[in-house]
Amino acid sequence: MNPFRIAALFATLVPFLACAADKPKAPVTVQELRAGFDPRKDALDAKIVREWEKGDIFYRHVTFHIANFKDKPARMAGFFGFPKGARKLPGLLHLHGGGQRAFLHEIEFYAKRGYACLSINWGGREMENAQEGDPNTDWGAVDPTQKNVPGYFNLKPGDQYLDPFESPRNNNWYLLTLGARRGLTFLEQQPEVDADRLGVYGHSMGGSLTVYVAGTDDRIKAAAPSVGGSGFRTEPWPLLPQVKLETPNGDAKLFNATIAFESYAPHIQAPLLWLGATNDFHGIMDDTYRTGELIPHRNVRYSFTPHMNHRFTPEFAVTRPLWFDQHLQGSFIFPKTPDSKLVLATGDQVPELQVTPDSSQPVAEVHIHYSVDPDPRARFWRSARAKKTGTTWVGKLPILTTDQPLFAFATVEYPKKQTASAPYASPADHYAISSILHTVAPDALKRAKVKATDKTTALVDDFSHGWQDWYLLEAGNPHHWEFSTRKLADPKWQGQADQRLTLEMQAGKPNELVMVLTENFFRSYRGKSQDFVAVVQVNGGKETQTISLKPGDFKTSEGEALYSWKHVDVLSLRAYYEKGGKCLGSKSWAGGQPKFLKLCWQADNR
């Protein structure tokens with residue numbers, strides 16, 4: 001070829017090659033994604049919208065600059081508070097949950113414990129006590145709020161997203177993490193805050209955001225997510241493959257490497273407490289443990305409330321402030337995670353869980369739980385009798401069949417010398433931490449020659465152990481109480497076609513008791529989830545009343561009758577049931593709460 005033509009062709013290719021070399025590329029790792037943003041680089045331009053005092057606490061409604069996205073500025077609003085006269089206190093960043101907003105209550109609670117706290121309003125809802133014209137969070141050219149729900153699983157470009165090509169920067173979580181990290185910059189610049197003692201926490205979506213922040217910012221010295229941040233959402237559940245996976249809008253491998261929670265866990269340097277509920281729909285218990293195992297330093301504790309979904313009882317809720325007290329104030333010491341061992345090859349071939357708590361503090365109680373249900377959202381956790389031998393508690397775990405998996409964990413309660421509380425929780429004189437979760441597949445049970453020694457029973461509960469197998473909502477409210485159990489979903493206590501559900505109870509005055517059966521609770525792979533309700537007339541008086549119901553006595557709000565007991569997952573005993581503006585029962589229960597004496601299955605002879 002003519003050398004002049006070669007030179008001319010090269011000259012035409014140079015601009016193209018330069019453009020190709022300069023073309024922005026999507027980050028493919030968490031490290032690359034993190035490296036693209038310096039949370040300290042830009043001026044905060046922090047402004048005080050309003051400030052006030054209440055008691056011994058000083059409050060500020062503030063805003064600050066996040067970043068410029070597509071040449072438009074984004075600003076975050078929030079509440080900042082601290083005790084009067086505070087200097088160099090540990091600082092906490094609170095991250096609210098989905099559909100919620102910055103909370104003054106969180107500020108108040110932690111300020112009273114000696115912290116300076118910033119609660120950011122990442123979702124953009126109207127702030128508490130907002131006045132006309134008050135500035136709020138404004139994301140400018142992008143929208144990572146819940147007005148843009150698809151953005152939480154998105155990588156593709158679009159009007160509300162940052163990059164014009166497939167990229168993790170087009171994901172809501174990336175933008176929210178930037179906003180939260182700028183909140184840390186705000187905290188470290190305040191004279192009331194010790195920049196070397198920063199913590200982060202949040203519930204639900206705030207718990208998820210806590211994991212992102214802890215996995216990207218080394219300024220965090222303690223983290224405490226709750227019911228959020230469990231990974232492996234795009235991967236099938238080995239023991240329940242029929243569960244529908246969450247599919248990202250874009251390349252799944254890129255999503256998993258840059259946005260999935262399990263890709264952040266290896267980068268978490270701060271001590272982390274994971275506050276959970278065993279039956280949570282969002283912070284899946286099994287995946288929470290699986291994600292936690294990836295945190296390299298293993299300075300991790302778990303505190304899982306049995307039977308609950310998305311909430312905690314006081315002895316579990318209180319672990320979060322105690323965690324911060326230890327790692328940011330040095331005023332508390334947590335015991336180690338209870339040592340536990342699931343033994344299959346026992347003398348009687350019945351599995352057992354052996355639990356040895358950290359004895360550096362006196363142990364109040366040890367609870368051993370096990371289940372055979374592969375679905376963590378709906379499984380019933382049985383209580384095993386924990387027998388102490390020396391420093392170890394042992395619980396036998398009899399099963400009906402080796403064709404189902406086995407799950408087991410323990411919770412150890414320690415006494416607190418002085419009662420303590422958590423936001424929105426009653427004071428607790430105990431605090432509880434959980435062991436790791438043990439999982440055994442059916443083939444492993446068979447290889448270990450485990451024997452199925454358990455038997456089914458018609459007695460569901462005689463309440464001799466109180467509400468051990470139940471979860472209680474509004475338990476102290478004389479009118480709005482609700483007591484529920486997942487026990488009927490366990491094959492050991494499942495009703496048969498020729499049986500009636502029978503309840504013996506006493507109530508001081510005449511009322512209407514509402515009994516609700518929920519079918520296919522979080523089991524969409526099995527069928528539609530529905531509530532079937534029966535309203536029972538309660539006589540009142542000292543006499544024991546027996547209620548006996550067949551499946552057809554329970555009906556949906558549309559009048560559909562329950563066909564069988566087979567797919568019942570939850571039984572609730574309630575003062576009232578409300579749906580679609582219609583209330584069954586009464587919001588004014590007469591007299592004291594009823595006393596329940598026996599719940600069982602009886603042969604239907606009618």
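Where a number appears in this text, it was derived from the coordinates with a stated rule and is not lab data. Quick caveat, the model's predicted, so the values are computed rather than measured. Here Cβ is always computed from backbone atoms with ideal geometry, including for glycine, and neighbour counts include all displayed protein chains.
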Under the 7 Å Cα-to-Cβ spin-label approximation, Asn129 and Ser360 lie apart by a distance in nanometres of 4.1 nm
Could you order the peptides 260-266, 426-432 from most to least packed, using the average number of other C-beta atoms within 10 Å per residue?
260-266, 426-432
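Based on the Kirkwood radius over alpha-carbon pairs, what is the Stokes-Einstein translational diffusion coefficient of the range 85-228 at 4 °C with 1.567 mPa s viscosity, in µm²/s?
Translational D for this selection: 82 µm²/s.
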Can you spot the lysines whose alpha carbon is less than 25 Å from Lys449's alpha carbon? Ignore those fewer than 8 places along the same chain.
Lys341, Lys387, Lys396, Lys492
CD proxy, 222 nm, the chain: helix-only mean residue ellipticity via -39,500 (n - 2.57) per DSSP H run with n ≥ 4, per residue, nearest 500, stands at -4500 deg cm²/dmol
In whole Å, largest first, the alpha carbons of the chain cover along the principal axes 100, 73, 57
Gyration tensor (alpha-carbon) shape descriptor, the range 202-334, a/c threshold 1.5
oblate
Along Cα→Cβ, 7 Å out, is where each label goes; now give me the distance between the ones at Gln189 and Lys387 in nm to one decimal.
6.4 nm
If you keep only loop residues by DSSP, which trypsin sites (Lys or Arg not before Pro) in the range 530-603 have at most 11 other Cβ atoms within 10 Å of their Cβ?
Lys587
So which aspartates and glutamates pass the test for Lys25, namely a Cα distance under 20 Å, with those fewer than 8 places away in the same chain ruled out?
Asp38, Asp71, Asp159, Asp163, Glu166, Asp251
Can you list the residues, at least 5 places off or on another chain, whose amide H is less than 5 Å from the amide H of Phe69, using H built in the peptide plane?
Ala74, Ala141
For the range 182-191, 3J(HN,Hα) per residue [Karplus equation, 6.51 cos²θ - 1.76 cosθ + 1.60, θ = phi - 60°, Hz, x = Gly/Pro]
5, x, 5, 4, 4, 4, 5, 8, 8, x
Environment charge at Gly592 (Cβ cut-off 13 Å; Lys +1, Arg +1, Asp -1, Glu -1):
+3
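Under 25 °C and 0.890 mPa s, how fast does the range 339-447 diffuse according to Stokes-Einstein, given a Kirkwood radius computed over C-alpha pairs? Answer in µm²/s, whole number. Mind showing how you got there, number by number?
Numbers: Rh = 15.1 Å.
The Stokes-Einstein estimate is 162 µm²/s.
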What are the principal axis extents of the Cα atoms in the range 404-484, in Å, biggest first?
48, 33, 20
Pulled fully out, how much extra length does the chain show between His105 and Asn605, if you take 0.36 nm times their separation in residues and subtract their Cα-Cα distance?
174.4 nm
Within straight cross-link reach of Lys47, meaning Cα distance under 25 Å, which lysines are found once same-chain residues fewer than 8 apart are removed?
Lys70, Lys72, Lys84, Lys88, Lys112
The range 306-408: trypsin sites (Lys or Arg not before Pro) falling in loop per DSSP and having at most 10 other Cβ within 10 Å:
Arg385
Spatial separation of Cα centroids for the range 168-231 and the range 56-78, in angstrom
15 Å
